[in-house]
Amino acid sequence: MPDIEPLGDRALTIRLGDSMDRALAALARQLASRLRTTPGVLEAVPGYATVTAFYDPAATSYELLAAALTSMTAMTPADQAMGAEHVIPVRYDGPDLDEVARRTGLTTSQVVERHAAGAYTVYLIGFVPGFAYLGDLDPALDLPRRGEPRTRVPAGSVAIAGRQTAVYPLDTPGGWHLIGQTDISMFDPMADPPAKLAAGDRVRFVPTTA
Amino acid sequence: MIEISTAPPFATVQDLGRFGHRASGVPVSGAMDPDSLRLANALVGNAPDAAVIEWALGGGSLIFRRPLQYVVTGAVRAPRPMTARAGDTVVLAPPIHFFGRFIYVAVEGGIDVPLVLGSRSTYLPGAFGGYKGRILRVGDELPVGQSRAASSEPPASTAFDSDAIRVIVGPNRATFSAEHRQQFLSTEFKVAQASDRMGYRLDGPPLAGGEWGARLSEPVCPGAIQITTSGQPIVLMPDAPTVGGYPVIGVVHSADLGRLAQRRPGEAVRFVEISPGPTPAP
């Protein structure tokens, strides 16, 4: 039996695993897209290893949706299609680039090479609107978050922490290491969808000097 | 048009919230006490989801540029629709502590700021929605929409006839033992000073005997009760992020979240477990 639990009186969460894993992310993305066409479901949101469906309790119920989800997970994954591909140009001149090089024992150009060599998957969107958690970062660049988070990280900052990387979509506080900057807008409240990236999308970073 | 002539410390434009964009990381926002917003709209003949001013932490005043019906609900003694004439200055008293911490000012026609992602609610951390994405200030001129001729009935209250706040257990059952749930449900917490539109921290004996550290993030929602590393609960509120890494012991029933939101720092909070089914009759 799949692991399904209520998230309040108008949502439920299905747990597919407990690790950061591309296969789980792909499964979560596929379930979310099936859920979006299920009667009574208003929104479906993937986590790393979970999917949450928000529903209209006047149109469906926890029991009905849990049963629908159970039969969905029993089906063979049919849709292996990956998400959209994005290329993000980056000026690798972030304020933490030298420190990242020093702490990883690499030169700054090796840090840039390794970051730009990655083929990343969007695991989930959250923290703030449009913030996409991308993995997996090269293990040679794996550093814990900064001890002292910044009170303001400028929008467009390209950052790393642990085995993940991200672009800050808005000016927000942040504790990741800033290694570069992009001019690409990651979030626009006047666009639909407002976030440039969606869970399951693929991302590459390209060094630029412009 | 209405103008803010004396601004309270914290007033924003809110409606019932911004739905459909959680997969993009956009929180729902909206009124902290949705029942008071619905009541205010019903009393001036607005649609239930018309935008109003959510007002906290002090008093203030408004100048009406044309004659309009208005009403104040929430932390007030008795909501009563009034009519302002063109040029009137209406002075609004601070929320009455005994009744809560937020008041809702609805005007006939609703506050007609532009829709952003389908809602007029202000989301302060993202600086969008509401009036220019920010807190209202002196001199702000708020557009007012067209009045609807139809009158609407005040909504039936779904409030639970008890002090306790109803909670649906989950979705991290495996993280918490029956003893943890029992301890949580038998504790009387107090709303902490650190409580705002993102979340209410609760003071009380910390939940002991477990590992509550952050783990892989998963979707959360307003009302979700996270247990932080130190064992203290935080109840997520409408501006909370869409995903979170702390385990969630339970989620406040959507009909009760407004009652919790109206509790002031130092006020007591007790939780009672219910099933995720339809709202039981009071």
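At a glance:
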read-out	value
Among residues of region A:139-162, those that are without any contact (Cβ under 8 Å) to a residue 60 or more places away in the chain, surrounded by 19 or more Cβ atoms within 10 Å (Cβ to Cβ) and either under 23 Å from residue A:50 (Cβ atoms) or of a type outside the set (Gly, Ala, Ser) (or both), counted	3
Residues of region A:161-192 classified as within 13 Å of chain B (Cβ to nearest Cβ), hydrophobic (A, V, I, L, M, F, W, C) and within 16 Å of residue A:127 (Cβ to Cβ), total	6
Residue count for region A:5-37, restricted to those that are among the acidic types (Asp, Glu) and touching a residue at least 40 places away in the same chain (Cβ under 8 Å)	1
Odd one out for residue B:254 among (1) within 14 Å of chain A (Cβ to nearest Cβ); (2) in contact with an Asp or Glu (Cβ under 6 Å, 6 or more places away or on another chain); (3) outside any loop (DSSP other than H, G, I, E, B)	(3)
Test: residue in region A:193-201 that is free of Cβ contacts under 8 Å to residues at least 12 places away in the same chain and assigned to a loop (DSSP other than H, G, I, E, B)	yes
Candidate set: region A:8-31, residues that are within 7 Å of another protein chain (Cβ to nearest Cβ) and under 30 Å from residue A:165 (Cβ atoms); chosen: the one surrounded by the most Cβ atoms within 10 Å (Cβ to Cβ)	A:11
Of all residues making up region B:257-271, the number that are in a helix (DSSP H, G or I) and under 22 Å from residue B:181 (Cβ atoms)	3
Candidates B:157, B:147, B:121 - the one that is touching a Leu at 6+ places or on another chain (Cβ under 9 Å), under 30 Å from residue A:190 (Cβ atoms), modelled with pLDDT under 95 and assigned to a loop (DSSP other than H, G, I, E, B)	B:147
Number of the condition not met by residue A:63 [criteria: (1) part of a helix (DSSP H, G or I); (2) more than 9 Å from every other protein chain (Cβ to nearest Cβ)]	(2)
Hits in region B:206-225 - residues which are under 20 Å from residue B:268 (Cβ atoms) and at pLDDT 95 or above	B:223, B:225
Enumeration of residues in region A:179-191 that are within 18 Å of the chain's Cα centre (by Cα) and either surrounded by fewer than 17 Cβ atoms within 10 Å (Cβ to Cβ) or farther than 18 Å from residue B:126 by Cβ (or both)	A:182, A:184, A:185, A:188
Any hit, region A:94-105, residues being within 14 Å of another protein chain (Cβ to nearest Cβ) and either part of a helix (DSSP H, G or I) or on the phi > 0 side of the Ramachandran plot (or both)	no
Per-region count, region B:5-15, residues in contact with a Gly (Cβ under 7 Å, 6 or more places away or on another chain) and surrounded by fewer than 23 Cβ atoms within 10 Å (Cβ to Cβ)	4
Matching entry among B:77, B:85 (being over 21 Å from the mean Cα position of the chain (by Cα) and surrounded by fewer than 20 Cβ atoms within 10 Å (Cβ to Cβ))	B:85
Residue ranges of strands (runs of 3 or more DSSP E) in region A:110-176 with at least 1 members at pLDDT below 95 and farther than 25 Å from residue A:23 by Cα	A:150-153, A:172-174
Sole exception among (1) crowded, with 18+ Cβ neighbours inside 10 Å; (2) in contact (Cβ under 8 Å) with a residue 12 or more places away in the chain; (3) not assigned by TED's automatic domain parsing to the domain that holds residue A:161 for residue A:70, by number	(1)
Any chance residue A:117 is out of contact with any Ser or Thr (no Cβ under 7 Å at 6 or more places or on another chain), of a type in the set (Gly, Ala, Ser) and within 13 Å of chain B (Cβ to nearest Cβ)	no
Hits in region B:199-240 (condition: more than 13 Å from chain A (Cβ to nearest Cβ) and either assigned to a strand (DSSP E or B) or within 14 Å of residue B:167 (Cα to Cα) (or both))	B:199, B:200, B:201, B:202, B:203, B:227, B:233, B:234
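Here's the yes/no breakdown for (1) surrounded by fewer than 17 Cβ atoms within 10 Å (Cβ to Cβ); (2) assigned by TED's automatic domain parsing to the domain that holds residue B:171; (3) out of contact with any helix residue (DSSP H, G or I) (no Cβ under 9 Å at 6 or more places or on another chain); (4) touching a residue at least 12 places away in the same chain (Cβ under 8 Å):
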position: B:194; (1), (2), (3), (4): yes, yes, yes, no
position: B:197; (1), (2), (3), (4): no, yes, no, yes
position: B:234; (1), (2), (3), (4): no, yes, yes, yes
position: B:242; (1), (2), (3), (4): no, yes, no, yes
position: B:266; (1), (2), (3), (4): yes, yes, yes, yes
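The values are calculated or read from the model by the stated rules, or taken from the named source; none is laboratory data. Predicted model only: the values in this text are computed from it and were never measured. Methodologically, a virtual Cβ is constructed for each residue, glycine included, from the backbone with ideal geometry; neighbour enumeration extends over all protein chains shown.
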